[in-house]
Every structure is written in C-alpha cells, then in structure tokens.
C-alpha cells in the first residue's frame, strides 16, 4: 500500500540515501585510520631524542640525541643513523658534549651536519665511516631568552644562527635584540652578520639562497632620560644568504607568526599561525585569501612539501597534524592526521610519504599509503 504512494524514482533515491548512510561510518574510519608504523631500533644508550633529518637518497633517517647522567647533568649527545627499511641502527656518531637539536645531510648524502646550541658545537660526520670530519663552534644560545634554534640549509652547507645581545636604552640594559649570523659549514666561518635583529621565527629557502625571519620590532623614543614605547611592528625580513643584503620587508600587521616557509621557486612565502597567509617575495603583497587554521597557542612546526603543493603543521597544544592543499583557492585543510601518543620531534620527508617522530618514547617512522594501520 505504502509503495503505491511513493513514485518509483523516489523509492530509488530513498534506497540510495539509506545505503550511503550505512556505508558512511566505514568510509570515515578508513580516512581516519592511522598510518603504518615502523619502529626504529633504540640504541643501548638512549635518553632523549631532539631532532630528525631524512637523507637525500631515501635510504636513511638520522636522529639527534641528548644523553644525561643519573643526576640529570648533560653527558653528551649522539647522532643515530637508521635504515628506513627495517628501522635498524646503521651507525652511531659520537662526540657531542650536549644535546643535538639540529641535523641536516649534505646534498650528496655523504656527510651529516649536527648542531648542539647549548654549547655551540657544530660537527660534520662522514656518513659511510661514521667518523667526524670537522668541528667548529658558534656562540652559545640561552634557551631561556630565545626559542630560535640554529637552522641548517637543506643541503647542509649553510647555518643560520641567532646570537643574543644587550641593547642599552637610557642607561638600562635590555635584552630585546641580537644578531643574525650566516655560517659557512665547509669553512666554519661567519659569512655575514646582521646586527640589532630580534628574530622570533627563521626559515631558509629550499635552495638555501634566501633567509626570512619574523620579528616584532620594538618602537621607542628616549625623551628626557625616559623611554616611551609604542606598539611593535610585526614584519618579515627576507635576506640574501650570500651577503645578508635585504631583499624585501613584508608587513604582516600585528599577527604573531609561528611558522614560515618558502615555495621551491622562492616566489611565495607562507606565513602561518592562527591563520595561513601567502605573500609575494617580489613585492611583499599578500596573495590569495587568508584562511583560519584553528591553531591556538602557536605552531610547533611547519613543513612544506618539496613541490610546494602541500603543507603540514602542528599546533603547540594539538595532538594532530594538519595537512593543507595549497593548490586550492583558497587553500584547504584535509582531514587532520591523528597519531596516538605521537611526540616531538616530528619531521616529514620532502614527499610527505614518511613522518619521523616519537610514539610513547619509541622512535618511529609513519608511512602514509592511504591504507592506515592502527597502533594500539
């Protein structure tokens, strides 16, 4: 009786809706499934992991460690080399006397550059032999004053280092400034130095030819011995890595920038925090539409895919990873990847197929294949 009251086309539509509604939860579960996990073998002496770097040949991933005594004093730092296939330890490179927080392979994959900012050590290791080839020292960073860690170029040839400095304002010392330095890793010498710079976020272009840093520049005037402050200017300076010359100043307004990233062609600069914006390096103007990220409390890290089509970012108080499609207009966030128990440090490979991280204290590689494997 009721079938006669419903036209045949309508009956088909109702059946289709019911079928899709039954399959929808299964489709969602497939999208939310976690990536496949490969555990990286722990060395015998293991305390804290502070950095990752992927080798250019796709065979190895390196991790920088900090090793401490039983009473909490720094004993040293090691660099561990794992085989991506199987996760076995291939080499352990020792020599650092503090935690290794920054790593990069050279372009040919034959050398590995490692940095310990707590004591300024920069060591260059031969990957095949696991032996140290070079050592030089940069100024020591005070982590209670700056969160800007030393930054190595993708090819391991250049090091950008921020040195704190004290500025005298009306007879009173103020630690609101510093100097940005570019070091040549091959020689261990300073290439250039930019004085009176307060950097809060620093990034190098993929080819190492440009460096950009975000700073809230404090405005003040001294009148009759008294300091009058005004609102800071939030700007991003783009410099030439060869000589430190200013290429462009981009005004970003009063918006803290948690992460910066250049596209591979150096034409666009991505600026991310509570919102995601893109700026033209040529004229400093914003291009495309600003979109909200929903991140509260700042970024932990930002990574741009090698081809510039995607971005990955992680919030300081978030346990998921946002993946963004930058080819869409405006950019769109795909479903966030949730990794149970994932911890810092985290590092994506350039093609976004692998994520190196810690999971509940275990170093691991997550493989993104579209067929997730849940970790219990």
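Laboratory data are not the source of any read-out in this text; all were calculated from the coordinates shown. Predicted model, so just to flag it, every value in this text is computed and none were measured. FYI the Cβ positions are ideal-geometry reconstructions off the backbone, even for glycines, and counts take in every protein chain you see.
Miscellaneous remarks
- Computed from the Cβ-Cβ distance with R0 of 45 Å, the FRET efficiency linking residue 85 to residue 296 stands at 0.70.
- With neighbours defined as other Cβ atoms within 10 Å of a residue's Cβ, the residues 299, 276 order from fewest to most as 299, 276.
- Distance between modelled label sites at residue 285 and residue 190, nm, 7 Å Cα→Cβ extension: 3.8 nm
- Residues 162, 352 arranged by fewest to most Cβ contacts within 10 Å: 352, 162
- Ranking of 193, 310 by count of other Cβ atoms within 10 Å, fewest first: 193, 310
- Between residue 264 and residue 242, the contour length at 0.36 nm per residue exceeds the Cα-Cα span by 6.1 nm.
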